[in-house]
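Let me begin by presenting the structure, written as structure tokens, before commenting on it.
The values are calculated or read from the model by the stated rules, or taken from the named source; none is laboratory data. For clarity, every value in this text was computed on a predicted model and none was experimentally measured. Cβ coordinates were reconstructed from backbone atoms using ideal geometry, including for glycine residues, and neighbour counts include every protein chain displayed. All accessible areas refer to the heavy atoms of the entire protein, side chains included, with ligands and DNA or RNA removed. Shrake-Rupley method; radii C 1.70, N 1.55, O 1.52, S 1.80 Å.
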Amino acid sequence: MILVVGATGHFGRETVEALAAAGEPVRALSRTPEKAALPAGVEVVRGDLADAETLAPALAGVTAVLMVLPYGADPAALLRAASAAGVRRIVFVSSGAVVDGAAPQPDVIAAYHAGVERAVVATGIPHTFLRLMFPAVNSLSFAGQLADGDVVRAPYAAAVSAPVHERDVADVAVRVLLEEGHGGRTYLLTGPQRLTQAEQVRVLGQVLGRPLVFEELEAEPVREQMARFMDPEFVGALFDLMEATIGKEVEVSPAVERITGRAPRGYVEWAANHVADFA
């Protein structure tokens, strides 16, 4: 039995669906199972990372755990319960911001994910870390603006990433959860091509058949506005990470192809799979 924590988010849901399609026994942890809307045959159990008493039943009979955590969530109770349940494998979807061996880490995003990685290692359970940097689903943040017109207004038009499709993350997660040979490994997962934010909007426009334009905003006013309703340190780290990619050859990782045996999906395919989200 495989337990997916974060089963209703983008990466967790795709992994649950892939495991179910492959006929693997999979259990999804959710605070609101009645709203999970996962495929038939998936066992959905009520559980909350902040409520330790709900975790032991969710982990009964589980051999492997996929952890997709919201930023800032404390994994301590989950990891204690996993150890007590005899879990034999943990896969954690982490951040590409983590710098191995750095103390302190360069920002709060890296520090949080590095801390979870250390906590997983401390359990002694065989583990694998899947690190992501600016995945393709981040483009869903454009949808609100595109509901009212054809212009995306945001800072850092030239910020570069190699956006990975969430289905590729799920395909890698399935292999790592089911196969031997990935214990103690860390994989950076990316898509097959580097794109600036402005180029992503252009591609999205081509797929949607709309004349989309990226209009660059000054970063500081946007940073200040976002910091009013989000953790200011998180916002600052996110903006700094984006700014640091401008003019850089960000890494395009071979990990998806090496692990799954096929080339990763490109941004065009991601956009085509999400047309309804921009309707």
Problem set entry | Test: V176 is touching a His at 6+ places or on another chain (Cβ under 7 Å), surrounded by 18 or more Cβ atoms within 10 Å (Cβ to Cβ) and in contact (Cβ under 8 Å) with a residue 12 or more places away in the chain | yes
Exercise. Residues A279, A271, A255, A227: which one is surrounded by 15 or more Cβ atoms within 10 Å (Cβ to Cβ) and at pLDDT below 95?
Worked result: A227
For this session: Of the conditions (1) assigned to a helix (DSSP H, G or I); (2) in contact with an Asp or Glu (Cβ under 9 Å, 6 or more places away or on another chain), R210 clears all except one; give me its number.
Result: (1)
For this session: Take the range 141-159 and flag every residue that is part of a strand (DSSP E or B), aliphatic (A, V, I, L, M) and surrounded by fewer than 17 Cβ atoms within 10 Å (Cβ to Cβ).
Result: V151
For this session: For residues that are within 18 Å of S30 (Cα to Cα) and in contact with a Gly (Cβ under 9 Å, 6 or more places away or on another chain), tally how many sit in the range 79-109.
Result: 1
Problem set entry | Flag for Q193 being polar (S, T, N, Q) and either assigned to a helix (DSSP H, G or I) or more than 19 Å from the chain's Cα centre (by Cα) (or both) | no
Exercise. Counting only residues that are open to solvent by less than 30 Å² (accessible area, probe 1.4 Å) and not in a helix (DSSP H, G or I), how many does the range 3-37 have?
Worked result: 11
For this session: State the number of residues belonging to the range 74-113 that are under 15 Å from the mean Cα position of the chain (by Cα) and among the aliphatic types (A, V, I, L, M).
Result: 6
For this session: Give the residue that is farthest from the chain's Cα centre (by Cα), with candidates limited to residues of the range 115-140 that are hydrophobic (A, V, I, L, M, F, W, C), surrounded by fewer than 21 Cβ atoms within 10 Å (Cβ to Cβ) and assigned to a helix (DSSP H, G or I).
Result: A122
Exercise. Is there a residue in the range 193-213 that is more than 25 Å from D150 (Cα to Cα), modelled with pLDDT of 95 or more, surrounded by fewer than 19 Cβ atoms within 10 Å (Cβ to Cβ) and among the small types (G, A, S)?
Worked result: no
